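Structure, as structure tokens:
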Amino acid sequence: MDARRARAHEYLAEELDAYAHWYVAPAPSSGGHFLTLTLFAECGNAAGAARGQTAEFLRGAGADDVVDDARLIVSELVGNVVNHAVPERSLSRPGGSRRIDVEFKMWPKWLFIGVADEDSTPPLLPLGDTFSPELLGPLSEAVLPDSGRGLLIVQRLAAAVWWTPKDGGGKTVWCRLDLDGASGGASS
């Protein structure tokens, strides 16, 4: 019982440490890296541009191990904005493009990825497996839900996924990849 309690305490301490680092931009002196990209949903291949910049940033920061997972996560989150986000009335302009901000905060132990849009509607984060994998069989695509698969992929790859409202309207969907292999599917 004490060993289980100690593991739970250690896990909680690690989660709180990561959460505290999420609030601030890392300083280069701490081994951290920071980048914000601004894209526009109507400008063609926003997800492709985000994937490319994600790879460049992470390779330049020495995080080659998580490039593939991070590219897929960014692609799914940007794709959700392009396909589903409807800007708040106060943020939209006639003939204007929908703004997408992609933010990276990287510390030696964590990579935080945030994708912001101008829609205040909360994302519908999946709560778990809809079906047992044993029941799916060869036609698994036929029984998957029509929406929410992108966020399900993000949840599978990341150690944590959450969202925050933005001041003045809009939201940011965040995820955390653990770079030290402690938890989540990000580090292999």
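Here residue 132 qualifies as open to solvent by 20 Å² or more (accessible area, probe 1.4 Å), modelled with pLDDT under 95 and over 29 Å from residue 63 (Cβ atoms). The single residue among 125, 151, 111, 177 that is surrounded by 16 or more Cβ atoms within 10 Å (Cβ to Cβ), in contact with a strand residue (DSSP E or B) (Cβ under 8 Å, 6 or more places away or on another chain), at pLDDT below 90 and within 30 Å of residue 7 (Cα to Cα) turns out to be 151. Within segment 81-91, the set of residues being in a helix (DSSP H, G or I) and either basic (Lys, Arg) or open to solvent by 50 Å² or more (accessible area, probe 1.4 Å) (or both) comprises 83, 84. The residue that is nearest to residue 59 (Cα to Cα), among those in segment 92-108 that are surrounded by fewer than 18 Cβ atoms within 10 Å (Cβ to Cβ) and free of Cβ contacts under 8 Å to residues at least 60 places away in the same chain, is 97.
Can you say whether residue 117 is surrounded by 12 or more Cβ atoms within 10 Å (Cβ to Cβ) and either at pLDDT below 90 or touching a Gly at 6+ places or on another chain (Cβ under 8 Å) (or both), as far as the supplied structure shows? Answer is yes for this residue. Per the conditions (1) surrounded by 18 or more Cβ atoms within 10 Å (Cβ to Cβ); (2) closer than 30 Å to residue 7 by Cβ; (3) modelled with pLDDT of 70 or more, the sole criterion not satisfied by residue 163 is (1). Just to verify a result, which residue in segment 40-80, among those that are more than 15 Å from residue 113 (Cα to Cα) and not in a helix (DSSP H, G or I), is least open to solvent (accessible area, probe 1.4 Å)? Going through the qualifying residues, I end up with 41.
The values are calculated or read from the model by the stated rules, or taken from the named source; none is laboratory data. On a predicted model such as this, the values are computed, not experimentally measured, just so you know. Note that we place each Cβ from the backbone using ideal geometry, even for glycine, and neighbour counts take in every protein chain shown. These accessible areas exclude ligands, DNA and RNA; they are computed on the full protein's heavy atoms, side chains included. Shrake-Rupley method; radii C 1.70, N 1.55, O 1.52, S 1.80 Å.
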